[in-house]
Structures are given as structure tokens and as C-alpha cells.
Amino acid sequence: MDDVPVATRAIDLFDASALCLAPPPGKMAGIFGENACSLALRALTGPLLAGESVVAVDGGNRFDPYDISRTASALGGDARAALSRIHLSRAFTCHQLERLLSERLAPELSRRRSRTALVLGLHESFRDADVPYKEACALFRKSVSALKKISASGMRIVLAGHPAAGDRAGFFMHLAREARPMLLVRREGKTWGGTLWLDGKRAPIPLRAGA
């Protein structure tokens, strides 16, 4: 990985997250860290207001419609119209999530005439201690493989979720290695910071006041 900064101008996390909405074919974009799911939903509000349809899969109970409605109102748009263009499916177990991603996501993107899929809490779903680790690994591999296949077909896959620690942190680490572009968000006291991986390079993000 090239660690040369690619940007020195001050941007905010909203701008940075918007840069993660267009991964190249075969790649998945990632927005990870505290408040990452909220950032992803806020970033997608612009495309929703512009008339785009988005298919969302929530594997970590992270979807909050108010993130979209508040952002739409702040942008002077129709919050109800924006919300009507995001089509949500929820998974409550890693088995349900794998089936959604492997069997239903591609047909749903086609049915909704959407080119963008948002997957919330992907790695979080595979931390269930009731699922044996070997089984969780197999389901995780199938899920990621399905997403990469969908991405290779020209669809945009955007992942968002909290970083993970502990004995199953490897699921998150795998996604962090795979996702490009990727924004990693962190809290720095009372402010926010982050690092953006874009075009194979890493750029620390200086924040504007009030970002």
C-alpha cells in the first residue's frame, strides 16, 4: 500500500464518504468506524434525491431512516421521495444475510433498476458466538464472493459498519483489505477524524471546523 497523502485540502467526512460511492468494477467500497452507517446513508441521500434507486441490506440493525430524511431536508430536497427510493431488507442471522447476498440481492437490483447496493453491518453478522467459527467463515466467504461477483457485473457495492475486535475481528480486517476506496472514521476527543484510501493511496483527512 502506498502511504503518500493524496489530498491535503481540508474536507469534511460527508465529502469523504461521498467519494466512497463509486468503487471500480470488481471492488467494494467501505465506510467503517463509529457513525459510519449514518455517514453512508447521508452520502447516499444526494443520489436518492437525484432519482437513483438504492437497495440496502442491513445485517447489523444499523439502518436509520432519519439519517436520510434529515439530510434530504438540509439539502432542500423531498425527504419522502428520497426514502421511497431506498429499498431495505433486514437479516437477523448470518445465515439469513448470506442468503440475501447470494440469492436475492442481484435479482433485487435488477428489479429495482438500481446500480447501487448498500450493505450495513456485514462483518458484524458473523460474530454470533452461537455459530461455530468454521461455519461462520464459510458463510462469510460465500457472502463476499457474491458481492464481488455483483460488483464485477457493473453494480456499485458500498459496505458500512463498525470495526470489530476480539477473536472474530478477522472478518472486519478482511473487508478493510478488500474495500477500495475506503474511509476509516475515528473520534478524536470532541471532533472527528479519518483516513481515506483512494486510488491505492492513503490520505489523512484534515477536517474543516464544525465538520
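The values are calculated or read from the model by the stated rules, or taken from the named source; none is laboratory data. Computed from a prediction, not measured in an experiment: that's the story for all the values here. Heads up, the Cβs are rebuilt from the backbone with ideal geometry, glycines too, and the neighbour counts pull from every protein chain shown.
Structure summary
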| quantity | calculated |
| --- | --- |
| Residues satisfying the stated conditions in the stretch 103-143, i.e. hydrophobic (A, V, I, L, M, F, W, C) and crowded, with 19+ Cβ neighbours inside 10 Å | LEU105, LEU109, ALA117, LEU118, VAL119, LEU120, LEU122, PHE126, ALA136, LEU139, PHE140 |
| Residue check for ALA106: over 18 Å from the mean Cα position of the chain (by Cα), over 18 Å from PHE171 (Cβ atoms) and in contact (Cβ under 8 Å) with a residue 24 or more places away in the chain | no |
| Residue that is nearest to ALA43 (Cα to Cα) [pool: residues in the stretch 118-135 that are in contact with a Leu (Cβ under 6 Å, 6 or more places away or on another chain) and not in a loop (DSSP other than H, G, I, E, B)] | VAL119 |
| Set ALA50, ALA79: member being more than 29 Å from LYS142 (Cα to Cα), surrounded by 14 or more Cβ atoms within 10 Å (Cβ to Cβ), of a type in the set (A, V, I, L, M) and at pLDDT 90 or above | ALA79 |
| Options GLY60, GLY51: the member that is in contact (Cβ under 8 Å) with a residue 60 or more places away in the chain and of a type outside the set (A, V, I, L, M, F, W, C) | GLY60 |
| Out of SER89, SER84, SER125, SER102, sole residue that is of a type in the set (Ser, Thr, Tyr), under 26 Å from GLY154 (Cα atoms) and out of contact with any helix residue (DSSP H, G or I) (no Cβ under 6 Å at 6 or more places or on another chain) | SER84 |
